[in-house]
Amino acid sequence: SNNKTANTISGKLSVVSIRTTNTYTNFLPSLQVKYNLMKNTLVRFAFTNTIGRPDYTQLSGTNRLTFAATAAPNTFTGSVTIANPNLKPYLSSNLDLSVEHYLVKGGIISLGGFYKTIKNQIYRVSDIQLNTNYDNKFFERLTVSENRNADDAKLYGVEFSYDQAFTFLPKSSATNISNLWAPP
C-alpha cells in the first residue's frame, strides 16, 4: 500500500511517501461435535482456528507525534506512536471439551476445559525518554509507543458452571405486591 506521512513542524507541512507490503494467507479449519450422552446430558467438543488482524492504523506506516511547548524556550513534551507495518495477525488454535447436564426443573450444570495456543499476539510497548531529540525538536519528556508481536503463548483452564432458573420461588399475584407498596 502507498501511505503518506504528514508532520507539522513550526506550522510547515511536510509529506513523505512510504511504500510497504504485507501479505499472508491463512487456512482456518474447524470441527465441532455434539454428542447426546443421555437424555439430559450432552458432550461438546470443538477444534477451531481463529485469526485477529491488526488495526489499519497499526499497519499504516504513519507515525503520530503530538507535543506541547514547556516554559523553557524551544523545549517540548509529547508523545509519538510509531506504526509497525510488519505486524503479523495473531493466530489461535483452540481445543474445547465440555459436559453439560440439563436439570429437569430448569437449569444446567456444566464442566468444561480448554487449551489454546496463540501466535503473534499484539501488544503495545511504551518507553519514556527524557531530554531527547526527535523530529528536530528537543523534548524534556517524550513517550514513545509501538505495537509489536509477542512470543507464542499457551492458555488452558477448567470452567465449572451452575445456572438455576428460579422456578422454585413462590408465586405472588400483582394485587398482593401492590398492596405491600400502597401508601397508608
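The values are calculated or read from the model by the stated rules, or taken from the named source; none is laboratory data. Predicted, not measured: the structure shown is a model, and the values here were computed from it. We place every Cβ from the backbone using ideal geometry, glycine too, and count neighbours over all the protein chains shown. Ligands, DNA and RNA are stripped out before the accessible areas are found, and what is left, the full protein with its side chains, is counted by its heavy atoms. Shrake-Rupley method; radii C 1.70, N 1.55, O 1.52, S 1.80 Å.
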I'm trying to understand the selection: among the residues of the stretch 69-88, which are among the small types (Gly, Ala, Ser) and exposed (fewer than 15 other Cβ atoms within 10 Å of the Cβ)?
69, 71, 72
For residues that are surrounded by 10 or more Cβ atoms within 10 Å (Cβ to Cβ) and part of a strand (DSSP E or B), scanning just the stretch 15-30, find the one that is modelled with the highest pLDDT.
18
Can you pull out every residue in the stretch 119-131 that is open to solvent by less than 90 Å² (accessible area, probe 1.4 Å), assigned to a strand (DSSP E or B) and over 12 Å from residue 79 (Cα atoms)?
122, 125
Based on this model, can you work out whether residue 50 counts as under 18 Å from the mean Cα position of the chain (by Cα) and modelled with pLDDT of 90 or more?
yes
Going by what's in this entry, would residue 62 be described as at pLDDT below 90 and open to solvent by less than 60 Å² (accessible area, probe 1.4 Å)?
yes
Going residue by residue through the stretch 146-155, is there one that turns out to be over 16 Å from the mean Cα position of the chain (by Cα) and not charged (D, E, K, R)?
no
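Go through the stretch 43-82 residue by residue and tally those that are free of Cβ contacts under 8 Å to residues at least 40 places away in the same chain, among the aliphatic types (A, V, I, L, M) and assigned to a loop (DSSP other than H, G, I, E, B).
Total satisfying the criteria: 1.
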Looking only at residues that are in a strand (DSSP E or B) and among the aliphatic types (A, V, I, L, M) in the stretch 132-157, which one is farthest from residue 74 (Cα to Cα)?
155
Anything in the stretch 132-143 that is under 28 Å from residue 85 (Cβ atoms) and either surrounded by 10 or more Cβ atoms within 10 Å (Cβ to Cβ) or β-branched (Val, Ile, Thr) (or both)? List them, or say none.
132, 133, 134, 135, 137, 139, 141, 142, 143
Report yes if some residue within the stretch 98-118 is at pLDDT 90 or above, touching a Ser or Thr at 6+ places or on another chain (Cβ under 7 Å), farther than 30 Å from residue 164 by Cα and surrounded by 11 or more Cβ atoms within 10 Å (Cβ to Cβ); otherwise report no.
yes
Somewhere in the stretch 89-96, is a residue under 25 Å from residue 139 (Cα atoms), surrounded by 15 or more Cβ atoms within 10 Å (Cβ to Cβ) and of a type in the set (A, V, I, L, M, F, W, C)?
no
